[in-house]
Amino acid sequence: MNSLALPSAKLKKRNTINVVERTNSLRRAYFASSISHARWKVDVESVISQVNWNDCKKDSQLEQWVEDVVIACACIRGEQQAWHHVQFANTWRMREAAELRLSPEQASLLVERFWRVLRTNSCSANSQCTHGLRMQNYRGGQMLTRWLLSQILTQIESLPLGSSILGSSVDAILDTMPQLRTLGYEASVSERVPQAT
């Protein structure tokens, strides 16, 4: 018996069990979610296929971002309300991040362009967009808000304005931004707040 084959077989089995366990945990989180299937009508299989376990850090708790993955799936499907929700919850944060390097007017224009490109590319079946800015590239390894902010900060870093103005890495800036929460949390809070009539 080959002694080298045994450890690799154990390693494969351990990795397979880990993915199976995490998938089952994601299923439980999906069904425990308060808004997932009722509001956005995204099935659990769509959520599981959107997630890329390779993008997730070993210690990440993807289950806490399941509602963000659900909302991303709804956006990919073209749900207008999901897009509105994502934009409403994140535009001010993105402008704030863009203003670290740009004037308020430039930041506002950049954020508007970002949303237009993201939405167009996400709803397009064009295979040339697969590596560009698309909601399909959000794979659940972090909260959707953080992913969106990292996308726009990466675009800002590539602007020909001198990298010393931004001064920090994308992750360092994201770590200092206050109260990054999942979009599901914000939806549940906004539903509890009485609306003015």
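The values are calculated or read from the model by the stated rules, or taken from the named source; none is laboratory data. None of these values were measured; they are calculated from a predicted model. In this analysis, Cβ positions are derived from the backbone assuming ideal geometry, glycine residues included, and neighbour counts consider all displayed protein chains.
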Exercise for the section: All but one of (1) modelled with pLDDT of 90 or more; (2) over 25 Å from A38 (Cβ atoms); (3) of a type in the set (D, E, K, R) hold for R119, so report the exception by its number. Expected result: (2)
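Condition check ((1) surrounded by 10 or more Cβ atoms within 10 Å (Cβ to Cβ); (2) under 19 Å from E79 (Cα atoms); (3) at pLDDT below 80) across all residues:
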| site | (1), (2), (3) |
| --- | --- |
| L6 | yes, no, yes |
| N15 | yes, no, yes |
| V19 | yes, no, yes |
| T23 | yes, no, no |
| F31 | yes, no, no |
| V42 | yes, yes, no |
| V47 | yes, yes, no |
Completion exercise
Within region 135-152, the residues that are farther than 18 Å from I48 by Cα and either more than 8 Å from the chain's Cα centre (by Cα) or among the polar types (S, T, N, Q) (or both) are T145, L149, S150, Q151, I152
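Within the bounds of region 104-123, is there any residue that is closer than 18 Å to A72 by Cβ, in contact with a Lys or Arg (Cβ under 8 Å, 6 or more places away or on another chain) and small (G, A, S)?
Of region 104-123, the ones closer than 18 Å to A72 by Cβ are 114-123.
Checking the rest, the ones that are also in contact with a Lys or Arg (Cβ under 8 Å, 6 or more places away or on another chain) come to 118, 121-122.
Next, from what is left, pick out any that are small (G, A, S): 122.
Yes; the residues of region 104-123 include at least one that is closer than 18 Å to A72 by Cβ, in contact with a Lys or Arg (Cβ under 8 Å, 6 or more places away or on another chain) and small (G, A, S).
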Practice task
Within region 65-85, identify whether any single residue is within 17 Å of L148 (Cβ to Cβ) and modelled with pLDDT under 85, and answer yes or no.
Solution key: yes
Exercise for the section: Could you give me the residue pairs with C-beta distances under 8 Å whose first residue belongs to region 98-112 and is more than 14 Å from L159 (Cα to Cα), whose second residue is among the basic types (K, R) and surrounded by fewer than 20 Cβ atoms within 10 Å (Cβ to Cβ) wherever it lies, and which are 6+ apart or on separate chains? Expected result: P104/R95; S108/R95
Exercise for the section: Within region 144-166, track down each residue that is outside any helix (DSSP H, G or I) and at pLDDT 90 or above. Expected result: none
Problem - Output for region 64-121, where each listed residue is within 30 Å of V44 (Cβ to Cβ) and among the basic types (K, R) - result: R77, R93, R119
Problem - First in region 55-83 and surrounded by fewer than 15 Cβ atoms within 10 Å (Cβ to Cβ), second anywhere and modelled with pLDDT of 90 or more and in a helix (DSSP H, G or I), Cβ under 8 Å, 6 or more apart - result: Q81/A74
